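Visitor: I'd like to ask some things about the structure below.
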Amino acid sequence: MKKFLALVTSILAVIACCFIVACTDETTQPVVITATDSSFEYEGKTLKDYMDYLQDDGQLSFTVIGGMVTTINGKSNTANSYWMLYTNDKENSDESWGTFEYEGEIYASASLGAESLPVKQGNIYIWVYQTF
């Protein structure tokens, strides 16, 4: 009986892990930021600086509370849904934290938040609304 209970417990643990995985909200399109604006000075700037620049230009709207991006283009975080950041910047991302596929390319989870992540001209930054 103990072996049976151990087996059932193991199976339930695996099933529980499957439900913890993040799911992309299919109703909310990813927000893709391509750092290609030649009139922006990239040196020493962060992704948040670039996002501020885009917001000032009317191309994006967002809010940050306590260092966390909480709303993008009117869509806000909830108790279990959040804006998650992915990038092709290999230096500042970590695939083991998660990946996102966009237009056939794989982007890794950013290892820094928008306020600390150095923005690099030509890189792509993708905000994905995900539920956990």
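The values are calculated or read from the model by the stated rules, or taken from the named source; none is laboratory data. Note that this is a predicted model, so its numbers are computed, not measured. Don't worry about glycine lacking a Cβ; one is built from the backbone with ideal geometry, like all the others, and counts go over all protein chains shown. Keep in mind that these areas ignore ligands, DNA and RNA; they rest on the heavy atoms of the full protein, side chains included. Shrake-Rupley method; radii C 1.70, N 1.55, O 1.52, S 1.80 Å.
Visitor: Could you state how much accessible area PHE132 has, in square angstrom rounded to the nearest 10, with a 1.4 Å probe and all protein chains kept in place?
Guide: Ignoring ligands and nucleic acids, PHE132 comes out at about 100 Å².
Visitor: Provide the gained length on full extension for the span GLN29 to GLN59, in nm with one decimal, where the gain is 0.36 nm per separating residue minus the Cα-Cα distance.
Guide: 9.3 nm
Visitor: If you count only protein heavy atoms with a 1.4 Å probe, what accessible area per residue comes out for the stretch 44-105, rounded to a whole Å²?
Guide: Per residue, the stretch 44-105 has 59 Å² of solvent-accessible surface.
Visitor: Using a Förster distance of 35 Å, how high is the FRET efficiency between ASN80 and SER38, based on the Cβ-Cβ distance and rounded to 0.05?
Guide: 0.30
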